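For reference, the structure discussed in these notes is given below.
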Amino acid sequence: MDALNEFLARRGIYTLVMILFFLGVYGMVLAKNYLKKLMAMNVMQVAVIFFYLCFAQKEGGMIPILVPGNVDPASYINPLPHALMLTAIVVSMGTTGVAIALLMRIKEIYGSVEEREVLRRASK
């Protein structure tokens with residue numbers, strides 16, 4: 001039992017991130033509503049962002065601000081993954097905004113956001 005607790009304390013976040021990611025994949029594949037697919041895609045994006053942010057952490061690391069007396073660069077956390085994930089969040093919000101606008105147009109034209117109904121009406 002101690003081994004399980006130690007694993008969850010150290011690496012459990014990766015397990016949770018993988019569960020979150022595959023929950024998003026599951027939703028993308030099985031959802032028949034385009035809005036639900038969009039929400040599942042957002043869950044996947046959040047899981048990837050969490051993964052990179054968790055992967056970038058190091059035990060005992062400090063923020064990358066020069067501290068007098070500390071000359072060891074290995075004691076600082078690399079800021080690049082955090083900057084990249086900030087960019088990923090902005091791209092995710094842009095993608096979501098465009099997708100919502102497209103869903104509004106689909107609803108306006110086809111009267112539904114259900115996949116089967118939209119495909120049936122589009123094939124006419």
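Answer with yes or no whether LEU102 is closer than 14 Å to LEU35 by Cβ and either aromatic (Phe, Trp, Tyr) or under 27 Å from the mean Cα position of the chain (by Cα) (or both).
The answer is yes for LEU102.
Mind checking which pairs have a first residue in segment 43-66 that is acidic (Asp, Glu) and a second that is surrounded by 14 or more Cβ atoms within 10 Å (Cβ to Cβ) and modelled with pLDDT of 85 or more, Cβ under 9 Å, 6 or more apart or different chains?
Taking only residues 6 or more apart or on different chains, not a single pair turns up.
Pick from LEU86, LEU66, LEU80, LEU38: which is closer than 30 Å to ARG120 by Cα and hydrophobic (A, V, I, L, M, F, W, C)?
Exactly one of LEU86, LEU66, LEU80, LEU38 is closer than 30 Å to ARG120 by Cα and hydrophobic (A, V, I, L, M, F, W, C), namely LEU38.
Check ILE49, ILE109, ILE89 and return the single one that is loosely packed, with under 12 Cβ neighbours inside 10 Å, part of a helix (DSSP H, G or I) and aliphatic (A, V, I, L, M).
Of the residues listed, the single one that is loosely packed, with under 12 Cβ neighbours inside 10 Å, part of a helix (DSSP H, G or I) and aliphatic (A, V, I, L, M) is ILE109.
Tell me, please, whether a residue that is over 30 Å from GLU114 (Cα atoms) and in contact with a Cys (Cβ under 9 Å, 6 or more places away or on another chain) can be found in segment 42-58.
No, the conditions are met nowhere in segment 42-58.
Might you check whether a residue that is small (Gly, Ala, Ser), exposed (fewer than 14 other Cβ atoms within 10 Å of the Cβ) and on the phi > 0 side of the Ramachandran plot occurs anywhere in segment 61-69? Write out each step before concluding.
First, the residues of segment 61-69 that are small (Gly, Ala, Ser): 61, 69.
Add one more test, that the residue is exposed (fewer than 14 other Cβ atoms within 10 Å of the Cβ), and what stays is 61, 69.
Then keep just the ones that are on the phi > 0 side of the Ramachandran plot; that gives 69.
The answer is yes; a qualifying residue exists.
Is it the case that some residue within segment 1-22 is in contact with a helix residue (DSSP H, G or I) (Cβ under 8 Å, 6 or more places away or on another chain), closer than 30 Å to SER112 by Cβ and part of a helix (DSSP H, G or I)?
Checking segment 1-22: at least one residue is in contact with a helix residue (DSSP H, G or I) (Cβ under 8 Å, 6 or more places away or on another chain), closer than 30 Å to SER112 by Cβ and part of a helix (DSSP H, G or I).
The values are calculated or read from the model by the stated rules, or taken from the named source; none is laboratory data. As the structure is a prediction and not an experimental result, all values here were calculated from the model. Methodologically, a virtual Cβ is constructed for each residue, glycine included, from the backbone with ideal geometry; neighbour enumeration extends over all protein chains shown.
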